[in-house]
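Okay, so here's the structure we're looking at.
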Amino acid sequence: VGQDPGSRGRAGPRTRGGAGGVPAGCRRIAAAHGNTAVSSPGILFNTGAGQHILKNPLVVNSIIDKAALRRTDVILEVGPGTGNLTVKMLEKVKKVIACEIDPRLVGELQKRVQGTCLANKLEIKVGDVLKTDLPFFDACVANLPYQISSPFVFKLLLHRPFFRCAILMFQREFALRLVAKPGSKLYCRLSINTQLLARVDHLMKVGKNNFKPPPKVESSVVRIEPKNPPPPINFQEWDGLVRIAFVRKNKTLSAAFKSSAVEQLLDHNYRVHCSLHNTVSSFLISSTSVFCGLHTDFYKSKKLTLKSLMYQSFSKREIPENFKIAEKIQTVLKDTGYSEKRARSMDIDDFIRLLHGFNSEGIHFS
């Protein structure tokens, strides 16, 4: 399901008032679209591509209210469809950049604003948003095609420069996974990775009958606010660890790391990193700094410093002939106290401690 697609632009009945700060030249068009959602009987929507138009103007207005748009904002919208959300935003912001992959819907959106003062505030990018660089924007407001939910969220969170927030429509279960906490049945790799990089809040539920054509699942609107500055952690390294832990989130970490594929990967990485001798990993500097900041008392008690930690971690390593990575992995898990822990109940701080434990012994995940 996605907010994509759209319909032919037909103005609803004209009404008076309610221009709400819209420039004088736009009052007629604003009134015409004010409480009317447009749909096109002439377009066959491709539900397989997530083309489900948000048709309820009350839901549209609620999403815009929760986005707290500013007159100077540049807004990114993915899957504008017929423009029910787009037109309302154009009335309130400096510019909307709409990304649409379906040429038919691009034409419909252009027709909807053609000849109005809103046309100059709309920029349409045609193509797959996952395969193109994102432009500068202040906020992202979109009813996403649900098939691209996960990759788009992480493309968004790794985007620079930072944006203020994103108000996004997702499939209900996906939205609940984003906000799930340790111990929850829905808590997963998606949950912890998203919450590492952003503050996430569930804003409201949206029923399937608010869309045309209606999807088979219920939906939810979520607010995502990236952490600025971000945690100083190499995300690839972090995700490598989390991916292993959550393959079977109900298994103990001791069991999860006994996979032959995992052992082969970590053995290869260990030998590569050892061959670098004293070359310092930027990730370890970052993760050690974070860990020391979170656990200052522990390091004071051990009389350890960042410099000494780095020296211990990167002094030249001699690999014995009888070296077995499996034994080293289990030693790290035992020493850090996570051998019998399960990913389903571990939070961000737990994984930072565990990652630091592995890195300190020269074991890396990317």
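Does residue 107 satisfy the criteria of being at positive phi and either assigned to a loop (DSSP other than H, G, I, E, B) or surrounded by fewer than 20 Cβ atoms within 10 Å (Cβ to Cβ) (or both)? No: the conditions fail for residue 107. Just so you know, in the stretch 89-104 the residues that are crowded, with 21+ Cβ neighbours inside 10 Å and part of a helix (DSSP H, G or I) include one that is nearest to the chain's Cα centre (by Cα), and it is 89.
Residues of the stretch 110-149 being of a type in the set (D, E, K, R), out of contact with any strand residue (DSSP E or B) (no Cβ under 6 Å at 6 or more places or on another chain) and open to solvent by 30 Å² or more (accessible area, probe 1.4 Å), which ones? If the condition is that a residue be of a type in the set (D, E, K, R), out of contact with any strand residue (DSSP E or B) (no Cβ under 6 Å at 6 or more places or on another chain) and open to solvent by 30 Å² or more (accessible area, probe 1.4 Å), then 111, 128, 131, 133 are the ones that fit.
Would you confirm, using the coordinates I've provided, whether residue 227 is under 23 Å from residue 147 (Cα atoms), open to solvent by 20 Å² or more (accessible area, probe 1.4 Å) and not assigned by the TED database to the domain that holds residue 323? So residue 227 does not fit the description; no. For the stretch 326-358, the tally of residues that are surrounded by fewer than 20 Cβ atoms within 10 Å (Cβ to Cβ), among the hydroxyl-bearing types (Ser, Thr, Tyr) and touching a helix residue (DSSP H, G or I) at 6+ places or on another chain (Cβ under 9 Å) stands at 2. Scanning the stretch 57-78 for residues that are among the charged types (D, E, K, R) and under 22 Å from residue 136 (Cβ atoms), which turns out surrounded by the most Cβ atoms within 10 Å (Cβ to Cβ)? Only one residue fits best here, namely 77.
Is it true that residue 284 is under 27 Å from residue 174 (Cβ atoms) and either surrounded by 14 or more Cβ atoms within 10 Å (Cβ to Cβ) or at pLDDT below 95 (or both)? No: the conditions fail for residue 284.
The values are calculated or read from the model by the stated rules, or taken from the named source; none is laboratory data. Bear in mind that the values here come from a model prediction, so they are computed numbers and not experimental data. FYI the Cβ positions are ideal-geometry reconstructions off the backbone, even for glycines, and counts take in every protein chain you see. We work out accessible area using only protein heavy atoms, side chains counted, and drop any ligands, DNA or RNA first. Shrake-Rupley method; radii C 1.70, N 1.55, O 1.52, S 1.80 Å.
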